[in-house]
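Have a look at the structure below, then the notes.
The values are calculated or read from the model by the stated rules, or taken from the named source; none is laboratory data. Since this is a predicted model, take the numbers as computed values, not measurements. Note that we place each Cβ from the backbone using ideal geometry, even for glycine, and neighbour counts take in every protein chain shown.
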Amino acid sequence: MKYLIALLLAITANQNASFAQSSLLESVKSNPEEAIALCREFKALNKKGISASSNIAISDIARKRNLSEVDAEILSTYVIGLNCPDVR
């Protein structure tokens, strides 16, 4: 019985994480200005020699947008891939 409860808790946690990530990416999809602003931030970092995927950049995004660092990394990867592929 306790294995069944653990399994149900794991499934529920996974569904909640998937929903949170989906809504995170949906916010950028529905608001292109936000994606453009992030691209500007990434390009400014690149000009300073800082990679958009560096710990510094990810921590900054997480802090500014009140996200976990994992969510900030997912968001930045998504935005770069779709909106500013010239960012490194």
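Would you mind stating whether Glu34 is modelled with pLDDT under 95 and surrounded by 13 or more Cβ atoms within 10 Å (Cβ to Cβ)? Answer is yes for this residue.
Listed conditions (1) in contact with an Asp or Glu (Cβ under 7 Å, 6 or more places away or on another chain); (2) modelled with pLDDT under 95 are all met by Pro85, apart from (1). Report yes if some residue within the range 38-60 is at positive phi, free of Cβ contacts under 8 Å to residues at least 60 places away in the same chain and not polar (S, T, N, Q); otherwise report no. So far as the range 38-60 goes, yes, one or more of its residues are at positive phi, free of Cβ contacts under 8 Å to residues at least 60 places away in the same chain and not polar (S, T, N, Q). Considering only residues of the range 39-68 that are within 13 Å of the chain's Cα centre (by Cα) and of a type in the set (D, E, K, R), which is nearest to Val28 (Cα to Cα)? Of everything passing the filter in the range 39-68, Arg65 is nearest to Val28 (Cα to Cα). Checking each residue in the range 28-57 for being in a loop (DSSP other than H, G, I, E, B) and of a type in the set (Gly, Ala, Ser) picks out Ser30, Gly49, Ser51, Ala52, Ser53, Ser54.
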